[in-house]
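The values are calculated or read from the model by the stated rules, or taken from the named source; none is laboratory data. Keep in mind that this is a model prediction, so the values were computed, not measured. Cβ placement follows ideal geometry from the backbone for every residue including glycine, while neighbour counts extend to all protein chains displayed. Heavy atoms of the whole protein, side chains included, go into the accessibility calculation; ligands, DNA and RNA do not. Shrake-Rupley method; radii C 1.70, N 1.55, O 1.52, S 1.80 Å.
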Amino acid sequence: MLRIAICDDEEIICRQLEDMLFEIGDRINLKIESEIFYSGEELYRFLFRGNRYDIIFLDIELNRINGVEVGRRIRDELKDEFTQIVYISCNEGYAMELFDVRPLNFIIKPLGEEKIEAVLTKAAKLLDKENKFFEYRNGNVTFSVPLREILYFESCGRKVNMILENEIKTFYGKLSSVEDKVKNCDFIIIHKSYLINFNYCTEYNYEYVKMSNQEILTISQNNRKAVRERLLQRKLREY
């Protein structure tokens with residue numbers, strides 16, 4: 001089941017989108033549960049109390065707290081990197097402002113069923129990925145960590161540091177072996193010492209990436225072209 005929030009100050013848009021979501025869900029055999037909010041404040045208050053959604057369809061042009069600010073609060077204040085945010089707007093000019101919110105997509109009104117179906121399909125695949133785990137051993141004990149919780153891996157001699165939001169776990173191994181285990185997921189090697197989950201990349205240029213924990217990691221010269229292409233591909237898919 002996908003839990004979906006719709007936030008738009010136009011009631012007719014909310015109802016049209018909700019009807020569209022249920023019709024698509026029935027057609028592709030995807031169970032959907034939805035809730036409607038008519039302001040950014042109302043949505044944020046609900047999320048602040050600990051409620052969560054798989055996807056939020058979020059209008060940008062909202063009164064008082066606009067959609068961009070709501071998205072930033074979700075990422076920065078609630079520390080929620082897992083909810084997929086889909087921005088909707090009549091104005092294409094916002095697209096470049098949204099990178100630090102890391103949205104799943106940006107859809108221009110009027111909303112088309114084909115685009116909504118593509119977003120739902122992609123979200124379902126991502127949620128399936130989020131249920132995957134990385135396994136490692138310390139001594140005779142095997143540990144599992146959800147891939148969605150890992151910001152990046154760091155090579156440190158014969159050991160690998162696994163960086164989480166508020167914790168670092170260390171195990172013996174090679175970064176190349178870790179890369180093999182996560183190669184079909186959202187990880188990319190940027191340096192012989194760093195393998196990052198690019199969903200946590202909040203800023204990048206040709207020489208470095210900035211992660212959601214504010215760490216700045218160097219991109220090696222040999223990896224710059226591949227990293228740039230991978231991140232641009234993600235950005236183009238979103239917009």
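Below is a table of values for the structure above.
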item	result
Residues of the stretch 53-85 classified as assigned to a helix (DSSP H, G or I), more than 23 Å from residue 116 (Cα to Cα) and not charged (D, E, K, R), total	0
Top-ranked residue in the stretch 108-122 [being open to solvent by 50 Å² or more (accessible area, probe 1.4 Å) and among the hydrophobic types (A, V, I, L, M, F, W, C); ranked as farthest from residue 25 (Cα to Cα)]	108
Residues satisfying the stated conditions in the stretch 41-72, i.e. under 16 Å from residue 91 (Cα atoms) and open to solvent by 30 Å² or more (accessible area, probe 1.4 Å)	61, 63, 66
Any strands (runs of 3 or more DSSP E) falling wholly within the stretch 153-239 and containing at least 2 residues that are at pLDDT 95 or above	159-164, 168-172, 187-191, 194-197, 216-218
Listing of strands (runs of 3 or more DSSP E) fully contained in the stretch 97-152 that carry 2 or more residues being under 19 Å from residue 177 (Cβ atoms)	133-138, 141-146
Some residue of the stretch 123-132 being out of contact with any Lys or Arg (no Cβ under 7 Å at 6 or more places or on another chain) and over 30 Å from residue 173 (Cβ atoms)	yes
One residue from 42, 23 being farther than 18 Å from residue 104 by Cβ, part of a helix (DSSP H, G or I) and touching a residue at least 60 places away in the same chain (Cβ under 8 Å)	23
Search result, residues across the stretch 212-227 that are charged (D, E, K, R) and either open to solvent by 80 Å² or more (accessible area, probe 1.4 Å) or in contact (Cβ under 8 Å) with a residue 60 or more places away in the chain (or both)	215, 225
